[in-house]
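Right, one structure below, let's go through it.
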Amino acid sequence: MPDSNPIAGYSPHEHKALGSYAAFTVVFEALVATYIVVERKKGGPLAERIPLGDFALLTLATMKVSRVITKERVTSFLRAPFTRYTGEGSPGEVSEEPRGTGLRRATGELLICPYCLGQWVAAAFLGGYLHDPAATRRVASLFALVGAADFVNLGYVALEEKT
C-alpha cells in the first residue's frame with residue numbers, strides 16, 4: 001500500500017520542519033502578490049528594469065542587512081528566542097543553531113541563514129525601491145557602505161596577518 005503522506009520519506013532519520021517551511025513560503029508569496037496588486041491598483045506602472053547601479057547598490061545592501069540580522073552579535077537578542085548560541089563567528093558575528101521544533105525551529109533556521117533571509121530582505125528593498133526609489137537608495141547606501149567597509153576591514157586584517 002503506497003504511503004499516504006507524500007513527504008513522509010523525505011527525511012526519515014532527521015525531522016525537518018517542512019510544514020513550517022511551506023507556511024513561510026506561502027506567507028512570502030502572499031506578501032509579494034499583495035504588494036504587486038496594491039501597486040497596480042494605484043494605477044502607476046511598475047518598473048520593468050532596475051538600472052545596473054541601483055541593482056548593485058540593492059545587492060550589496062541586501063547582503064549586509066541579511067548578515068546584520070542573521071549573524072551580528074548586536075542583533076542576537078532578536079534571534080535568541082529561536083536559536084542557541086554556540087560560539088563566536090567571524091569578526092563581530094556569532095555562531096548559533098536553531099532550537100525547538102516546528103515553527104520555532106524553522107524561524108530559527110531562517111534567522112541564522114543569510115542566504116535564506118536574503119530573499120525576504122531583497123523583496124523589502126525591491127518593494128521600497130519601486131515605491132520610493134530615492135528613499136530606498138539612501139537606506140541601501142548606508143548598508144552598502146557598511147558592507148563595503150567590512151570587506152576593506154577584512155582585507156586590512158588579512159594583510160596585517162601576513163606581515
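Of note:
- Efficiency of FRET from Cβ geometry, R104 and L145, R₀ 30 Å, rounded to 0.05: 0.30
- Kirkwood's formula applied to the C-alpha pairs of the range 64-160 gives a hydrodynamic radius of 14.6 angstrom.
- Selected from G118, G53, G128 as most flexible by GNM, with the chain as the system and alpha-carbon contacts under 10 Å: G53
- The GNM of the chain, with springs linking C-alpha atoms under 10 angstrom apart, assigns the highest mean-square fluctuation among R105, R40, R49 to R49.
- Spatially near lysine pairs across the chain, Cα under 29 Å, sequence gap of 8 or more or different chains: 4
- Highest-fluctuation residue, S76, S90, S11 considered, GNM on the chain with Cα pairs under 10 Å: S11
- A simple charge model with +1 on the Cβ of Lys and Arg, -1 on the Cβ of Asp and Glu and nothing else charged puts the dipole of the range 18-162 at about 400 debye relative to its Cα centre.
Quick note: the coordinates plus some simple rules give every number you see, no bench work behind them. In this text, all values refer to a predicted model and were calculated from it rather than measured experimentally. Note that we place each Cβ from the backbone using ideal geometry, even for glycine, and neighbour counts take in every protein chain shown.
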